[in-house]
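The values are calculated or read from the model by the stated rules, or taken from the named source; none is laboratory data. Worth saying up front: this structure is predicted, and the values here are computed from it rather than measured. When we count neighbours, we look across all protein chains shown, and the Cβ atoms used for this are built from the backbone with ideal geometry, even at glycine. For the accessible areas, the whole protein counts, side chains as well, though only heavy atoms, and no ligand, DNA or RNA atoms are used. Shrake-Rupley method; radii C 1.70, N 1.55, O 1.52, S 1.80 Å.
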Amino acid sequence: MSSKPVYVVFGVSGSGKSTVGKALSEKLEIPFYDADDFHPRSNVEKMANGMALNDEDREPWLQNLSKNIEQWSKDGGGVLACSALKVVYRKKLESSLYGGVEWIFLEGSYDLIFNRLTSREAHFFPKELLDSQFETLETWERGITIGIDQGISNIINEIELKLKMQKSQIGVVGLGVMGKSLAKNMLSKKFSVSVYNRHVEGKEVDIAKKFATNNSYVPKGFDDMSLFVNSLQTPKVILLMVNAGKAVDLVIEELLPLLEKGDCIIDGGNSHFKDTIRREKQLTDKGISFIGAGVSGGEEGALLGPSIMPGGTEEGYQNCKEFLEAIAAKDNSGNACCNYIGPNGSGHFVKMIHNGIEYAEMQLIAEIYHMLRYYIGKTPDEISEIFNVWRKQQKDSYLLEITANILLKKEGDQYLIDKVLDKAGQKGTGGWSTVAALELGTPLSTISEAVMARCLSAKKDERVEASKVYQITSSNTINDDLFLEELEKAFYFGSIVNHAIGFDVLKQASSDYNWNLNFSEVARVWTKGCIIRSDLMEKIVTLFGNRNDKPLLMFSEIVQILNNDLDALVNVVSKSLKMKCPLPILSASTNYFLNYTSAQMSANIIQAQRDYFGAHTYQRNDKAFGEHFHTDWKKL
Ligand code: NAP
């Protein structure tokens, strides 16, 4: 049986704990327990002799109750009547179950309780006893408070209503970097939140409980999934922030028996879009909404306002829209950088391409820094200044901003960047973007080049060996001012081409998967909160706002910029290669752009070669489209 809450009815003597507790247990059809029945023999004897218990006496009793509370929960729940006048007693009572204990405080005025006690005892009641109870009673910000100046059936109705109302509006599973920040973000927006983290003996212990107790907004923390789910309002909305892959399936498997039709699971991790398509189908068939929501912004963004890309059914999105849009970053007009992206895996696909664009933008800035530093001889301070100048020329971006800051960071009198190992990995979304583009048969030049550059960087030892073998020297013959002007243009050119490639993949996916993506809206969601927010992104919102179906490189404003700056790009790439300086993204952008703008490409030779060695046939430009020819190329 899955765990159930234990209700602790508490208050001073005479407040009606036993009466209310028993009535509640009957209504909920769970057992009733009286805390007084759990005292050790020594306490019973002391009380029988008219001696008051001290806190030392209470310790074994509270420990015993705490253990029992845990067991009752496992056995299907229960109601416990216990005075629990001090906070320290309450904390001990709930220590084994934490969020699984529901606190019900019975509140009554001194006079009301005194009169009740007097009539109950049918004779004089020692006033000092009640005085001391009221003096000891401490307030408790948790649980519900029920006034006892009403009949028992009203009290029970009020308890049920208040318990229902105090259920959390949303639950977060996985309190890692992102889960914690998103939960705090939700709490700051005044949502009531339950949090869950798995319990791994000796490793992951009381994570959710510690988060809950350390947080001033008092969320409910659980390491028991059924208690966590039980703490949520219906329909239940649960955000998963666990590692992509198997963990998501395991958590869904655990959640499923606890959910009902109409509930909603949001997967906020970087799941593969095909997994999301599979999960969405599996859960929709069971009547549960599944929203695959890409979240971008890192730890800080998650806390202060990330960019969110939710995909799934439109009805499912309605279940969680309120939360996601409230915690998202806001664009320049104050609208949430979160909107329904499209069906099934589209949200995670869009997030994957976001990350792909991010990979290439990072590499673009990195290679420009590298060239300026090691081939032109600029210091990190000078490069930081150059980037800051570009930022003021409507080329600002979050990544350029943070790089300008990174370059100023020193340890003693040394730049910290010089101590960072030049070895980057690629995991998940970067490589997935490349595979997805290949499956869709659409180019991904800059993004896949950035992924490959990271893969090459990872071969540090081999590179060091090769550098010794080849001993390549470079000579700098560059005119500083002119080159910097060209470099600024080349940077912007590369960035535009990279964004165009990213949006083209989205366009292809939208068409192949029938997602009906709105590219202006995707770009708008990316204007704040996410890692690729930039001045360029703002421009892209407007461009696609006018024509959703047009490739980015074909908008006249873009055509004008690229026409003006092509020579600068080509000069930068050729001068750099002459200096033997590698520029993966700028070279890839140049090649992509020159091929993209060529009516005649070299693929006629490819087709002839294929037909020569493999009789693959080819089409002719002087014959009808679709007709295929084979030639015996050896026969001249
Ligand atoms: P994290 O710090 O490693 O946290 C992962 C969480 O998943 C932990 O709470 C972990 O629990 C839980 N978990 C792992 N395996 C589990 C399982 N089998 N059952 C239950 N819980 C399990 O990761 P994160 O950085 O928060 O990232 C979470 C997701 O968001 C990932 O998909 C990530 O790619 C994505 N994301 C991350 C960022 C970022 O900047 N970090 C940005 C955007 C998106 P334990 O504590 O018990 O291990």
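Figures for the structure shown
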{"quantity": "DSSP bridge pairs, the stretch 106-261: antiparallel proportion in percent, nearest 5", "calculated": "5"}
{"quantity": "For the stretch 561-636, radius of gyration divided by Kirkwood radius, i.e. Rg to Rh on alpha-carbons", "calculated": "1.18"}
{"quantity": "Rounded to whole Å, sorted largest first: equivalent-ellipsoid semi-axes of the stretch 353-596, Cα gyration tensor", "calculated": "30, 20, 18"}
{"quantity": "Percent breakdown of C-alpha pair distances by 10 Å bin, ordered from the shortest bin, for the stretch 168-344", "calculated": "11, 42, 38, 9, 0"}
{"quantity": "Over the stretch 55-146, volume per residue of the alpha carbon convex hull, in Å³", "calculated": "122"}
{"quantity": "0 to 90° range, to nearest 10: angle between helix 535-546 axis and the chain longest Cα axis", "calculated": "80"}
{"quantity": "For the stretch 342-461: Kirkwood Rh in Å [reciprocal of mean 1/r, alpha carbons]", "calculated": "15.9"}
{"quantity": "The stretch 5-45-the stretch 439-493 distance, computed between alpha-carbon centres (Å)", "calculated": "72"}
{"quantity": "As computed over the stretch 350-399, the Cα convex hull volume per residue (Å³)", "calculated": "69"}
{"quantity": "Apportionment of accessible area to carbon and sulfur, the stretch 168-344, percent (1.4 Å)", "calculated": "48"}
{"quantity": "Net charge of neighbours whose Cβ lies under 12 Å from the Cβ of ILE156, counting Lys and Arg as +1 and Asp and Glu as -1", "calculated": "0"}
{"quantity": "The chain, helix-only ellipticity at 222 nm - DSSP H runs n ≥ 4, -39,500 (n - 2.57), divided by all residues, nearest 500", "calculated": "-17000 deg cm²/dmol"}
{"quantity": "Per-pair calculated FRET efficiency, R0 = 35 Å: THR542 and LEU456 via Cβ, rounded to 0.05", "calculated": "0.40"}
{"quantity": "Whole-number accessible area per residue in Å² for the chain, which is evaluated in the context of all protein chains at 1.4 Å", "calculated": "48"}
{"quantity": "Label point distance in nm, GLN607-THR379, each placed 7 Å from Cα along Cα→Cβ", "calculated": "5.8"}
{"quantity": "Translational diffusion coefficient (Stokes-Einstein; Kirkwood radius from C-alpha pairs) of the chain at 37 °C, 0.692 mPa s, in µm²/s", "calculated": "113"}
{"quantity": "Stretch gain in nm, segment THR139-GLN282, where the contour uses 0.36 nm per residue and the Cα spacing is subtracted", "calculated": "46.8 nm"}
{"quantity": "Surface share of carbon and sulfur [accessible, 1.4 angstrom probe, percent] for the stretch 395-462", "calculated": "55"}
{"quantity": "Debye log10 I(q)/I(0) at q = 0.12, 0.15 Å⁻¹ for the stretch 266-399, Cα point scatterers", "calculated": "-0.59, -0.78"}
{"quantity": "Alpha-carbon centroid distance for the pair the stretch 543-604 / the stretch 167-203, whole angstrom", "calculated": "45"}
{"quantity": "Förster radius 41 Å - calculated FRET efficiency between THR442 and GLU201 (Cβ-Cβ, nearest 0.05)", "calculated": "0.30"}
{"quantity": "With Cα atoms, 0 to 90° folded angle of helix 480-513 axis to the chain main axis", "calculated": "70"}
{"quantity": "14 Å beta-carbon shell around LEU97, net charge (K/R +1, D/E -1)", "calculated": "+2"}
{"quantity": "Diffusion coefficient, µm² s⁻¹, Stokes-Einstein with Kirkwood Rh over alpha-carbon pairs of the stretch 1-84 at 20 °C and 1.002 mPa s", "calculated": "159"}
{"quantity": "Rounded to the nearest 20 debye, dipole of the stretch 168-344 from Cβ charges on Lys, Arg, Asp, Glu", "calculated": "240"}
{"quantity": "Fraction of accessible area attributable to carbon and sulfur, the stretch 481-636 (%, probe 1.4 Å)", "calculated": "52"}
{"quantity": "Cα pair distances of the stretch 6-165 binned at 5 Å [whole percent]", "calculated": "2, 9, 18, 21, 22, 16, 9, 3, 0"}
{"quantity": "Projected label distance in nm at HIS630 and THR118, using a 7 Å step from Cα toward the beta-carbon", "calculated": "11.1"}
{"quantity": "Relative packing of peptides 72-83, 154-165 - highest average C-beta neighbours within 10 Å first", "calculated": "72-83, 154-165"}
{"quantity": "Degrees, to the nearest 10: 177-188 long Cα axis against longest axis of the chain", "calculated": "60"}
